[in-house]
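Presented below is the structure to which this report refers.
The values are calculated or read from the model by the stated rules, or taken from the named source; none is laboratory data. Predicted, not measured: the structure shown is a model, and the values here were computed from it. Quick reminder, even Gly has a Cβ in these numbers, built from the backbone with ideal geometry, and neighbours come from all protein chains shown.
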Amino acid sequence: MHLRLGLTILIAVAGYSYADTIVFPDGATMDGEVREVNANCFELVVGDKSIQFARTEIASIEKNDKRGDAAKPLVLPQVKQWEAEMERNTGLDADQREKFLLLVDAMRKATDPGERQKIESEILAMSKTVDLVKFIKASYDTSSLGRKMVLLAILNMLDPQTALPYLKDGMTVNNAHFRAFALGLYGHILRESNNLDNEAVTFMTRGLIDSDADVQLAAGNALAESGSKIATPVLLAKLDAADPRVQNAANRALAQIWSVDAASISGDPKAYWQEHWNANQSGVDSPLDPEKLEPLVDKDAPLEDAHH
(Lines give C-alpha, C1' and ligand atoms only; values in the text may rest on other atoms or scores of the structure.)
Protein backbone atom coordinates (compact mmCIF):
# COMPACT_ATOMS: atom_id res chain seq x y z
CA MET A 1 0.00 0.00 0.00
CA HIS A 2 1.35 3.44 -0.89
CA LEU A 3 0.77 6.19 1.63
CA ARG A 4 1.17 9.88 0.83
CA LEU A 5 1.62 13.14 2.64
CA GLY A 6 0.31 15.79 0.26
CA LEU A 7 1.98 14.06 -2.70
CA THR A 8 0.87 12.68 -6.03
CA ILE A 9 1.74 9.01 -6.34
CA LEU A 10 4.56 8.66 -8.82
CA ILE A 11 5.73 5.60 -10.75
CA ALA A 12 9.13 4.62 -9.41
CA VAL A 13 11.96 5.23 -11.79
CA ALA A 14 15.12 3.19 -11.49
CA GLY A 15 17.65 5.05 -9.35
CA TYR A 16 20.03 4.42 -6.52
CA SER A 17 18.98 2.97 -3.15
CA TYR A 18 20.55 2.60 0.27
CA ALA A 19 19.62 1.90 3.88
CA ASP A 20 18.98 5.16 5.65
CA THR A 21 16.97 7.16 8.15
CA ILE A 22 14.79 9.97 6.81
CA VAL A 23 14.62 12.94 9.17
CA PHE A 24 11.63 15.30 8.86
CA PRO A 25 11.60 19.03 9.69
CA ASP A 26 9.77 18.34 12.99
CA GLY A 27 12.49 15.89 14.11
CA ALA A 28 10.46 12.73 13.45
CA THR A 29 12.28 9.87 11.68
CA MET A 30 11.59 6.80 9.56
CA ASP A 31 13.99 3.94 8.80
CA GLY A 32 14.12 1.87 5.62
CA GLU A 33 15.60 1.52 2.18
CA VAL A 34 15.63 4.92 0.52
CA ARG A 35 15.35 5.05 -3.26
CA GLU A 36 15.70 8.12 -5.39
CA VAL A 37 12.73 8.22 -7.73
CA ASN A 38 13.83 11.39 -9.47
CA ALA A 39 15.47 14.69 -8.62
CA ASN A 40 12.44 15.81 -6.62
CA CYS A 41 11.19 12.60 -5.04
CA PHE A 42 12.41 9.85 -2.69
CA GLU A 43 10.74 6.55 -1.88
CA LEU A 44 11.11 4.77 1.46
CA VAL A 45 10.71 0.98 1.19
CA VAL A 46 10.26 -1.37 4.15
CA GLY A 47 9.62 -4.95 3.09
CA ASP A 48 6.74 -4.92 0.59
CA LYS A 49 5.47 -1.49 1.69
CA SER A 50 6.55 1.90 0.44
CA ILE A 51 5.84 5.58 0.83
CA GLN A 52 7.01 8.53 -1.26
CA PHE A 53 8.09 12.02 -0.21
CA ALA A 54 8.94 15.18 -2.07
CA ARG A 55 12.49 16.31 -1.47
CA THR A 56 11.11 19.47 0.16
CA GLU A 57 9.35 17.39 2.83
CA ILE A 58 12.63 15.91 4.08
CA ALA A 59 15.08 17.77 6.32
CA SER A 60 17.90 15.28 5.86
CA ILE A 61 18.81 11.65 5.15
CA GLU A 62 21.20 9.90 7.51
CA LYS A 63 23.16 7.01 5.99
CA ASN A 64 23.18 3.84 8.13
CA ASP A 65 22.18 0.18 8.02
CA LYS A 66 18.64 0.58 9.40
CA ARG A 67 16.11 -1.00 7.06
CA GLY A 68 12.99 -0.68 9.24
CA ASP A 69 10.71 -3.39 10.63
CA ALA A 70 8.90 -5.12 7.78
CA ALA A 71 6.56 -6.86 10.25
CA LYS A 72 4.99 -3.56 11.33
CA PRO A 73 2.60 -1.33 9.33
CA LEU A 74 4.34 1.51 7.53
CA VAL A 75 2.86 4.56 9.25
CA LEU A 76 4.04 8.14 9.06
CA PRO A 77 5.44 9.39 12.38
CA GLN A 78 3.12 12.40 12.03
CA VAL A 79 0.18 10.00 11.86
CA LYS A 80 1.43 8.19 14.95
CA GLN A 81 1.69 11.52 16.77
CA TRP A 82 -1.81 12.50 15.64
CA GLU A 83 -3.16 9.12 16.76
CA ALA A 84 -1.51 9.49 20.16
CA GLU A 85 -2.94 13.00 20.51
CA MET A 86 -6.42 11.78 19.55
CA GLU A 87 -6.24 9.05 22.18
CA ARG A 88 -5.13 11.58 24.82
CA ASN A 89 -7.91 14.00 23.88
CA THR A 90 -10.74 11.50 23.47
CA GLY A 91 -9.74 8.65 25.76
CA LEU A 92 -10.37 6.10 22.98
CA ASP A 93 -7.91 4.41 20.62
CA ALA A 94 -8.58 4.14 16.88
CA ASP A 95 -10.44 0.81 17.10
CA GLN A 96 -12.60 2.02 19.99
CA ARG A 97 -13.43 5.26 18.20
CA GLU A 98 -14.42 3.37 15.07
CA LYS A 99 -16.59 0.94 17.05
CA PHE A 100 -18.39 3.71 18.91
CA LEU A 101 -19.01 5.85 15.83
CA LEU A 102 -20.43 2.82 14.00
CA LEU A 103 -22.87 2.38 16.90
CA VAL A 104 -23.71 6.10 16.81
CA ASP A 105 -24.48 5.99 13.09
CA ALA A 106 -26.47 2.76 13.50
CA MET A 107 -28.50 4.38 16.27
CA ARG A 108 -29.12 7.40 14.06
CA LYS A 109 -30.53 5.20 11.28
CA ALA A 110 -32.47 2.79 13.50
CA THR A 111 -36.25 3.02 13.09
CA ASP A 112 -37.23 -0.14 14.96
CA PRO A 113 -37.49 0.41 18.75
CA GLY A 114 -36.09 -3.05 19.46
CA GLU A 115 -33.07 -2.44 17.25
CA ARG A 116 -32.45 0.95 18.88
CA GLN A 117 -32.69 -0.59 22.34
CA LYS A 118 -30.12 -3.22 21.35
CA ILE A 119 -27.72 -0.51 20.15
CA GLU A 120 -28.22 1.47 23.36
CA SER A 121 -27.40 -1.66 25.38
CA GLU A 122 -24.15 -2.09 23.43
CA ILE A 123 -23.24 1.53 24.08
CA LEU A 124 -23.97 1.19 27.80
CA ALA A 125 -21.81 -1.94 27.93
CA MET A 126 -18.99 -0.14 26.12
CA SER A 127 -19.24 2.79 28.54
CA LYS A 128 -18.27 0.47 31.39
CA THR A 129 -14.82 -0.10 29.86
CA VAL A 130 -14.02 3.24 28.18
CA ASP A 131 -14.85 6.89 28.90
CA LEU A 132 -17.46 7.62 26.25
CA VAL A 133 -18.43 10.90 27.91
CA LYS A 134 -14.91 12.21 27.37
CA PHE A 135 -15.05 11.16 23.73
CA ILE A 136 -18.44 12.82 23.17
CA LYS A 137 -17.22 16.07 24.70
CA ALA A 138 -14.06 16.01 22.57
CA SER A 139 -15.81 15.21 19.28
CA TYR A 140 -19.11 17.07 19.68
CA ASP A 141 -18.15 20.41 18.10
CA THR A 142 -16.88 18.82 14.88
CA SER A 143 -19.92 16.53 14.44
CA SER A 144 -22.85 17.17 12.10
CA LEU A 145 -26.17 18.24 13.65
CA GLY A 146 -27.61 14.82 12.90
CA ARG A 147 -24.80 13.08 14.75
CA LYS A 148 -24.97 15.64 17.56
CA MET A 149 -28.57 14.66 18.23
CA VAL A 150 -27.51 11.04 18.74
CA LEU A 151 -24.51 12.03 20.86
CA LEU A 152 -26.80 14.12 23.09
CA ALA A 153 -29.25 11.23 23.44
CA ILE A 154 -26.34 8.99 24.46
CA LEU A 155 -25.00 11.62 26.83
CA ASN A 156 -28.46 11.73 28.41
CA MET A 157 -28.14 7.99 29.07
CA LEU A 158 -24.64 8.24 30.51
CA ASP A 159 -24.47 11.63 32.25
CA PRO A 160 -27.57 13.85 31.87
CA GLN A 161 -26.12 16.84 33.74
CA THR A 162 -23.17 16.99 31.34
CA ALA A 163 -25.66 17.15 28.45
CA LEU A 164 -27.42 20.29 29.75
CA PRO A 165 -25.03 23.01 28.49
CA TYR A 166 -24.87 21.36 25.07
CA LEU A 167 -28.67 21.21 24.94
CA LYS A 168 -28.99 24.83 26.02
CA ASP A 169 -26.65 25.84 23.19
CA GLY A 170 -28.64 23.58 20.87
CA MET A 171 -31.81 25.54 21.56
CA THR A 172 -30.20 28.55 19.85
CA VAL A 173 -29.15 26.68 16.69
CA ASN A 174 -30.90 27.87 13.53
CA ASN A 175 -32.30 24.47 12.65
CA ALA A 176 -35.86 23.98 13.89
CA HIS A 177 -35.69 20.18 14.11
CA PHE A 178 -32.53 20.29 16.20
CA ARG A 179 -33.87 23.16 18.32
CA ALA A 180 -37.09 21.28 19.13
CA PHE A 181 -35.13 18.13 20.02
CA ALA A 182 -32.76 20.05 22.31
CA LEU A 183 -35.59 21.91 24.01
CA GLY A 184 -37.55 18.75 24.74
CA LEU A 185 -34.57 16.85 26.17
CA TYR A 186 -33.39 19.89 28.15
CA GLY A 187 -36.75 20.20 29.90
CA HIS A 188 -36.93 16.46 30.57
CA ILE A 189 -33.49 16.32 32.21
CA LEU A 190 -34.20 19.34 34.40
CA ARG A 191 -37.51 17.91 35.56
CA GLU A 192 -36.00 14.50 36.29
CA SER A 193 -33.22 16.10 38.34
CA ASN A 194 -35.54 18.55 40.14
CA ASN A 195 -33.16 21.26 38.98
CA LEU A 196 -35.62 23.67 37.38
CA ASP A 197 -35.26 27.34 38.22
CA ASN A 198 -36.85 30.47 36.79
CA GLU A 199 -33.89 31.10 34.48
CA ALA A 200 -34.25 27.67 32.87
CA VAL A 201 -38.03 28.02 32.60
CA THR A 202 -37.63 31.45 30.98
CA PHE A 203 -35.20 30.00 28.46
CA MET A 204 -37.61 27.21 27.53
CA THR A 205 -40.56 29.63 27.38
CA ARG A 206 -38.76 31.59 24.68
CA GLY A 207 -39.39 28.55 22.51
CA LEU A 208 -43.11 29.40 22.58
CA ILE A 209 -42.48 32.52 20.51
CA ASP A 210 -40.27 30.67 18.01
CA SER A 211 -41.08 31.10 14.32
CA ASP A 212 -41.43 27.32 13.93
CA ALA A 213 -44.54 25.52 15.19
CA ASP A 214 -42.63 22.33 16.06
CA VAL A 215 -40.35 24.31 18.38
CA GLN A 216 -43.41 25.95 19.96
CA LEU A 217 -44.91 22.49 20.42
CA ALA A 218 -41.73 21.20 22.08
CA ALA A 219 -41.67 24.24 24.36
CA GLY A 220 -45.28 23.68 25.40
CA ASN A 221 -44.61 20.04 26.23
CA ALA A 222 -41.43 20.91 28.14
CA LEU A 223 -43.23 23.58 30.17
CA ALA A 224 -45.98 21.10 31.00
CA GLU A 225 -43.33 18.86 32.55
CA SER A 226 -41.77 21.81 34.38
CA GLY A 227 -44.83 22.60 36.48
CA SER A 228 -43.73 26.24 36.59
CA LYS A 229 -46.56 28.78 36.74
CA ILE A 230 -44.47 31.77 35.63
CA ALA A 231 -45.00 30.75 31.99
CA THR A 232 -48.79 31.00 32.30
CA PRO A 233 -49.20 34.38 30.49
CA VAL A 234 -47.18 33.12 27.50
CA LEU A 235 -49.13 29.87 27.39
CA LEU A 236 -52.35 31.89 27.52
CA ALA A 237 -51.23 33.82 24.44
CA LYS A 238 -50.55 30.53 22.63
CA LEU A 239 -54.19 29.48 23.00
CA ASP A 240 -54.69 31.75 19.96
CA ALA A 241 -51.81 30.19 17.97
CA ALA A 242 -52.36 29.60 14.26
CA ASP A 243 -51.39 25.92 14.60
CA PRO A 244 -54.06 23.89 16.48
CA ARG A 245 -51.32 21.55 17.76
CA VAL A 246 -49.73 24.48 19.59
CA GLN A 247 -53.14 25.54 20.96
CA ASN A 248 -53.69 22.02 22.33
CA ALA A 249 -50.16 21.84 23.77
CA ALA A 250 -50.68 25.18 25.55
CA ASN A 251 -54.01 24.00 26.96
CA ARG A 252 -52.48 20.71 28.18
CA ALA A 253 -49.52 22.54 29.69
CA LEU A 254 -51.78 24.93 31.61
CA ALA A 255 -53.88 22.03 32.85
CA GLN A 256 -50.81 20.12 34.04
CA ILE A 257 -49.18 23.18 35.62
CA TRP A 258 -52.34 24.17 37.50
CA SER A 259 -53.43 20.56 38.25
CA VAL A 260 -56.70 20.88 36.35
CA ASP A 261 -58.38 18.10 34.38
CA ALA A 262 -58.35 19.49 30.84
CA ALA A 263 -61.34 17.29 29.92
CA SER A 264 -63.43 19.05 32.57
CA ILE A 265 -63.07 22.46 30.90
CA SER A 266 -66.28 23.37 29.09
CA GLY A 267 -66.66 26.16 26.61
CA ASP A 268 -63.79 28.32 25.40
CA PRO A 269 -60.45 27.23 26.96
CA LYS A 270 -59.02 30.74 26.48
CA ALA A 271 -61.85 32.28 28.49
CA TYR A 272 -61.50 29.62 31.20
CA TRP A 273 -57.77 30.07 31.60
CA GLN A 274 -57.94 33.86 31.46
CA GLU A 275 -60.45 33.83 34.30
CA HIS A 276 -58.33 31.31 36.19
CA TRP A 277 -55.23 33.48 35.76
CA ASN A 278 -57.03 36.65 36.84
CA ALA A 279 -58.04 34.90 40.07
CA ASN A 280 -54.64 33.35 40.82
CA GLN A 281 -51.89 35.53 39.33
CA SER A 282 -51.28 37.38 42.60
CA GLY A 283 -49.82 34.17 44.01
CA VAL A 284 -47.22 33.83 41.21
CA ASP A 285 -43.91 35.66 41.60
CA SER A 286 -42.37 37.24 38.48
CA PRO A 287 -44.70 35.89 35.76
CA LEU A 288 -43.25 36.16 32.26
CA ASP A 289 -44.51 38.83 29.88
CA PRO A 290 -44.79 37.49 26.30
CA GLU A 291 -44.15 40.99 24.96
CA LYS A 292 -40.74 41.11 26.62
CA LEU A 293 -39.43 37.72 25.56
CA GLU A 294 -36.90 37.34 22.74
CA PRO A 295 -36.95 34.34 20.35
CA LEU A 296 -34.27 31.71 20.83
CA VAL A 297 -32.87 32.39 17.35
CA ASP A 298 -32.32 35.65 15.52
CA LYS A 299 -34.40 35.71 12.34
CA ASP A 300 -31.30 36.72 10.35
CA ALA A 301 -29.07 33.91 11.67
CA PRO A 302 -27.76 31.54 8.94
CA LEU A 303 -29.61 28.27 8.62
CA GLU A 304 -27.65 25.20 9.76
CA ASP A 305 -27.87 21.99 7.77
CA ALA A 306 -28.41 18.83 9.81
CA HIS A 307 -26.05 16.88 7.52
CA HIS A 308 -23.03 19.15 7.94
Checking Asn64, Asn40 in turn, the sole residue that is polar (S, T, N, Q) and at pLDDT below 80 turns out to be Asn64
- Message: On the basis of being modelled with pLDDT of 80 or more, loosely packed, with under 15 Cβ neighbours inside 10 Å, within 40 Å of the chain's Cα centre (by Cα) and of a type outside the set (A, V, I, L, M), does Thr56 make the cut?
- Response: yes
Within segment 223-254, residues closer than 15 Å to Ala213 by Cα and among the charged types (D, E, K, R) come out as Lys238, Asp240, Asp243, Arg245
Matching residues in segment 142-156 (without any contact (Cβ under 8 Å) to a residue 24 or more places away in the chain and out of contact with any helix residue (DSSP H, G or I) (no Cβ under 9 Å at 6 or more places or on another chain)) number 1
Do we have Ser264 as without any contact (Cβ under 8 Å) to a residue 60 or more places away in the chain, at positive phi and surrounded by fewer than 22 Cβ atoms within 10 Å (Cβ to Cβ) here? no
Wholly inside segment 198-308, helices (runs of 4 or more DSSP H) that include 2 or more residues that are closer than 17 Å to Val173 by Cα are 198-205, 213-226
